[in-house]
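The values are calculated or read from the model by the stated rules, or taken from the named source; none is laboratory data. Just so we're clear, the structure is a prediction, and the values are computed from it rather than from any experiment. Note that each Cβ is placed from the backbone with ideal geometry, even for glycine, and that neighbours are counted across all protein chains shown. Note: accessible area is taken over every heavy atom of the protein model, side chains too, but ligands, DNA and RNA are not part of it. Shrake-Rupley method; radii C 1.70, N 1.55, O 1.52, S 1.80 Å.
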Amino acid sequence: MSFRNGLFVLQQAPKRLAGQFPAQRQRLRGVLDRARKRIHRASYWRALAQQYPILGHTSERIESELANRFGDQVQAGVQPLPGLALRGGSLYYWDHPLPNLGQDDSKALSALVTGAETHISPSLRQSGLLVETSETSSAKSQALVVSPHQDDAALSIGGTIAARRDNESHVICNVFTISGWLGKGFRPSPLASVTKIRQAEEDLSNRILSATGLGLGLWEAEVANFYRRAVDNYPTRIGFVFADDPLLRTLGERDSIHRGLKQVVRAISPSRIYFPLGLGSHMDHVYLASYGREQALGLKKRNPECEIYFFEDQPYATYDEVDVPTIVEQLSSGTLKLEAEFQNITKTFETKIQ
């Protein structure tokens, strides 16, 4: 069996353009936060806006992240999942006790958590509590992955990133990084906990893929829309997050996205850029897909050697109602066209699964 990632390279005719959380405590905190939000809607969301500015990181903050992105050089090896902690001799995963580990595995995992070297048994490797990390790529050529959220790059083209890491070093720029997404039954809080967990997951994911990451610090659509409804009385309809109108982003948000991405592109001068294709109509994905198409000619003009790709958004590309060929055909117009290209990821499929 073989696996592949679907990519669509942007061409300029006739030239190529190129689960659980700490359950009881988190649940109680969420209930209290929601009650407080209902009682004091405006003050609640304004307080969050002060803690997490709606318009994201400043240029200075982005510059600092860019300067430090290779500061934490990672060696190949085995690493525990983020959230594992040793307390009073017992192991916890995000405050959940792990009592079912064998004695030897428990001792070995405890040693890893504290930074000590130890023998790792096959059963511990198969426990799902460890991952294999790789050395940070030292390739001179740089690729930029414009990712809406902190899981999209790994889910969509993780296999491609791993397959190309010997030839390219990958910088994953996550645009919307302030999150309160808890899956089904979404609640807009607690933002601090969810954002922290997702950032820890992203850091470890990048180590697995030999990539480096940075974020622009903007609010995800779900959080931003809760703010608009509560404070600005913005009339958002049901399903507002899954809408294909890129203008749903405010002028301030659009300006922050454009300035942030231009700053990143200017700093790393990528030879290849990946944008989302915008499948599934999630407004965060659709906006960045639209931005990529609008900026393609300008990017190509400033750097003729730069190749521009659009990746199939996962899991949306697998949905029955998403007809990828038809969507690609609709998006290909005028002097710009999308041409299908596939990356064989059979050898790196297990890395993607991690």
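Select, from 343, 314, 330, the only residue that is part of a helix (DSSP H, G or I) and of a type in the set (S, T, N, Q).
On the way: 343 fails: part of a helix (DSSP H, G or I); 314 fails: part of a helix (DSSP H, G or I).
From the options 343, 314, 330, the qualifying one is 330.
Give the residue, chosen from 95, 166, 104, that is open to solvent by 40 Å² or more (accessible area, probe 1.4 Å) and closer than 26 Å to residue 344 by Cα. Give the steps one after another, and end with the answer.
Values: 95 fails: closer than 26 Å to residue 344 by Cα; 104 fails: closer than 26 Å to residue 344 by Cα.
Residue meeting the stated conditions: 166.
So residue 223 passes all but one of these: (1) more than 17 Å from the chain's Cα centre (by Cα); (2) more than 24 Å from residue 158 (Cα to Cα); (3) open to solvent by less than 20 Å² (accessible area, probe 1.4 Å). Which condition number does it fail?
Looking at each condition in turn, residue 223 falls short on (1).
Only one of 80, 122 is open to solvent by less than 40 Å² (accessible area, probe 1.4 Å) and within 24 Å of residue 353 (Cα to Cα); which? Can you show your working first?
Details: 122 fails: open to solvent by less than 40 Å² (accessible area, probe 1.4 Å).
When all the criteria are applied, what remains is 80.
Scan region 194-201 and give yes if some residue there is within 20 Å of the chain's Cα centre (by Cα), more than 30 Å from residue 81 (Cβ to Cβ) and open to solvent by 10 Å² or more (accessible area, probe 1.4 Å), otherwise no.
No, every residue in region 194-201 fails to be within 20 Å of the chain's Cα centre (by Cα), more than 30 Å from residue 81 (Cβ to Cβ) and open to solvent by 10 Å² or more (accessible area, probe 1.4 Å).
Might you let me know whether region 264-284 holds any residue that is among the small types (Gly, Ala, Ser), assigned to a helix (DSSP H, G or I) and buried (at least 22 other Cβ atoms within 10 Å of the Cβ)? Write out each step before concluding.
Taking region 264-284 and keeping what is among the small types (Gly, Ala, Ser), we get 267, 269, 271, 278, 280-281.
Adding the requirement that they be assigned to a helix (DSSP H, G or I) leaves 267, 280-281.
Still in the list and also buried (at least 22 other Cβ atoms within 10 Å of the Cβ): none.
The answer is no; no qualifying residue exists.
Can you list the strands (runs of 3 or more DSSP E) found entirely within region 112-212 that contain at least 2 residues being at pLDDT 90 or above and among the polar types (S, T, N, Q)? Walk me through how you get there before you give the answer.
On the way: elements: 130-133, 141-147, 168-178.
It comes to 141-147, 168-178.
Being surrounded by fewer than 15 Cβ atoms within 10 Å (Cβ to Cβ), modelled with pLDDT of 75 or more and among the aliphatic types (A, V, I, L, M) is the requirement here; does residue 47 meet it?
Working: surrounded by fewer than 15 Cβ atoms within 10 Å (Cβ to Cβ): yes; modelled with pLDDT of 75 or more: yes; among the aliphatic types (A, V, I, L, M): yes.
Answer is yes for this residue.
Can you report the number of residues in region 147-163 which are among the hydrophobic types (A, V, I, L, M, F, W, C), open to solvent by less than 10 Å² (accessible area, probe 1.4 Å) and in contact with a helix residue (DSSP H, G or I) (Cβ under 6 Å, 6 or more places away or on another chain)?
Narrowing region 147-163 to residues among the hydrophobic types (A, V, I, L, M, F, W, C): 153-155, 157, 161-163.
Now drop any that are not open to solvent by less than 10 Å² (accessible area, probe 1.4 Å), which leaves 153, 157, 161-162.
Applying the additional criterion that residues be in contact with a helix residue (DSSP H, G or I) (Cβ under 6 Å, 6 or more places away or on another chain) yields 161-162.
Residues in region 147-163 being among the hydrophobic types (A, V, I, L, M, F, W, C), open to solvent by less than 10 Å² (accessible area, probe 1.4 Å) and in contact with a helix residue (DSSP H, G or I) (Cβ under 6 Å, 6 or more places away or on another chain): 2 in total.
Quick grid of which residues meet (1) outside any loop (DSSP other than H, G, I, E, B); (2) open to solvent by less than 30 Å² (accessible area, probe 1.4 Å); (3) at pLDDT 75 or above; (4) in contact with a strand residue (DSSP E or B) (Cβ under 8 Å, 6 or more places away or on another chain):
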position: 11; (1), (2), (3), (4): yes, yes, no, yes
position: 21; (1), (2), (3), (4): no, no, no, no
position: 24; (1), (2), (3), (4): yes, no, no, no
position: 43; (1), (2), (3), (4): yes, no, yes, no
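State which residue is modelled with the highest pLDDT when the search covers only region 239-283 and only residues that are of a type in the set (Val, Ile, Thr) and closer than 14 Å to residue 221 by Cα.
Our first condition is that a residue be of a type in the set (Val, Ile, Thr); within region 239-283, this holds for 241, 250, 257, 264-265, 268, 273.
Remaining after also requiring closer than 14 Å to residue 221 by Cα: 241, 250, 257.
Working: 241: 81, 250: 85, 257: 95.
So, considering only residues that are of a type in the set (Val, Ile, Thr) and closer than 14 Å to residue 221 by Cα, the one modelled with the highest pLDDT is 257.
Quick check, is residue 269 among the small types (Gly, Ala, Ser) and within 23 Å of residue 60 (Cβ to Cβ)?
Numbers: among the small types (Gly, Ala, Ser): yes; within 23 Å of residue 60 (Cβ to Cβ): yes.
It is true that residue 269 is among the small types (Gly, Ala, Ser) and within 23 Å of residue 60 (Cβ to Cβ).
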